[in-house]
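Single-structure report; data block below.
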Amino acid sequence: PPNSRHAKAVVSTQSTGEQQTISIAKAGITTTLNTRCSVFAAANSVFGRWDDTKGEENIDFMPTILSRFDMIYIVKDEHNESRDTTIARHVMKIHLNREQAAVEGEMSIEMLKKYIAYARAKCGPRLSESSAAKLGHKYVMMRTSARDHEHESQKRLSIPITVRQLESIVRIAESLCKMRLEPFTTDADVEESLRLFQVSTLESAMSGTLSGVEGLTALEDQEEVRKVERQLKQRFPIGSQVSEVRIIQDFVKQRYSERSVKTVLNIMIRRGELQHRMQRKVVLRVK
C-alpha cells in the first residue's frame, strides 16, 4: 500500500540521517551497513503541485527529518514564458545533437574525477579560530531572529534553528575549503556557507514557504486567503476580464485585507489561472 511504502521510506531516511546506517533485506540477505555518502533527496508536494494557500500542508515530513538536511530548497513550477522557452530549446538541442561528442569544459571529466578523489582522500579541512568565532556570533543572531519571528507569528517554524543547523553550516564551510585543497577555512568560506544556508533552509522556514502562506503566517490569514479565492472563482467565470483595482476595492469593501486579495491574485497568476492584460491593469481568468 502507498502509506506503507511511505512509512518505510520515512524510517529509512531518518535512520540514514540519524544513525548513519541503512538496513538491507534482499535476496535472503539481511544486514545493516554504514553510510559513507551524502544524501541528495527530492520529493513531490502532497498535492502533486505546490499550493501556496496550504503552506506547510504541502509537506508530509516530520521536522526531525527535515532538520537533518544541510540545505532545503522549495522548487516551484511557475509560469514564465522566457524561462519555458529557454528550457524547451535546451531539451530540443540535446535531442538534435545526441550523436555529437560531449563538449569539454575548462577541465576534462577524467581530470575532475581525479581532483575529487584526491580531495576526498588527502584533504580534511577544519575551522580556523577566526571563522569559528564569526560563525558562533552569526548562529546566535539566527537563533534570535527565528525566536522573534515565532513570537510575532504565534507559530513555531517547521524547521527549528538548532545546533544541528550550526553543524550544517560548518560542513558547508569545510566543503568549500576542501574544494581549494586548503587545511583551514577562511572568513570567506563562512560567509558563503551562511549565504547558502540563508537562501535555502532559513528562507524556506521563515519567509512562509514552509510555515504558511507567503507573507502570511497566522492561521486566520490563511483561512481568509482561501475565502477570497473561493469567492473570486464564484464571481468571475472563466473568460471574464476584470480590472485588478476593481477586484481589490470590492473585496476591501467586504472587509477583507488588501494584502490577502493581492496574495490570491499572485497565487492564481503563478498557477496560470489568471493572466494580466492591458499593461497589467486587467486580469483575465483562463481556467
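To the nearest 0.05, what FRET efficiency results for V252 and D51 with a Förster distance of 22 Å applied to their C-beta separation?
So, using R0 = 22 Å, E works out to roughly 0.35.
At 7 Å along the Cα-to-beta-carbon direction for both H95 and R195, put a label point, then send me their distance in nm to one decimal.
3.8 nm
Could you go through region 92-97 in sequence order and give the Karplus-derived ³J(HN,Hα) for each residue, using 6.51 cos²θ - 1.76 cosθ + 1.60 with θ = phi - 60°, rounded to whole Hz, and x for Gly and Pro?
5, 5, 4, 6, 6, 10
Between N44 and S130, what length in nm is gained on full extension when 0.36 nm per residue of separation is reduced by their alpha carbon distance?
26.9 nm
Multiplying the sequence separation of T31 and R235 by 0.36 nm and subtracting their Cα-Cα distance, what value in nm do you get?
Length difference between fully extended and current span is 67.4 nm.
Tell me which residues come under 5 Å, amide H to amide H, from S128 once H is placed; ignore anything under 5 positions away on its chain.
Placed amide hydrogens put T185 under 5 Å from S128.
Counting only residues 5 or more places away or on other chains, whose amide H sits under 5 Å from the amide H of L274 once H atoms are built in the peptide plane?
Placed amide hydrogens put I269, V286 under 5 Å from L274.
Which of the lysines could a cross-linker span from K138 if the Cα-Cα distance has to be under 24 Å and same-chain partners fewer than 8 positions apart are dropped?
In chain and number order, the partners are K155, K178.
For M111 and I74, FRET efficiency with R0 = 51 Å and r from the beta-carbon atoms, rounded to 0.05?
So, using R0 = 51 Å, E works out to roughly 0.90.
Every number in this text was worked out from the coordinates using simple rules, so none of it is lab data. The structure presented is a predicted model; accordingly, all values stated were derived computationally and were not measured. For neighbour counting, all protein chains shown are included, and Cβ atoms are generated from backbone atoms with ideal geometry for every residue, glycine included.
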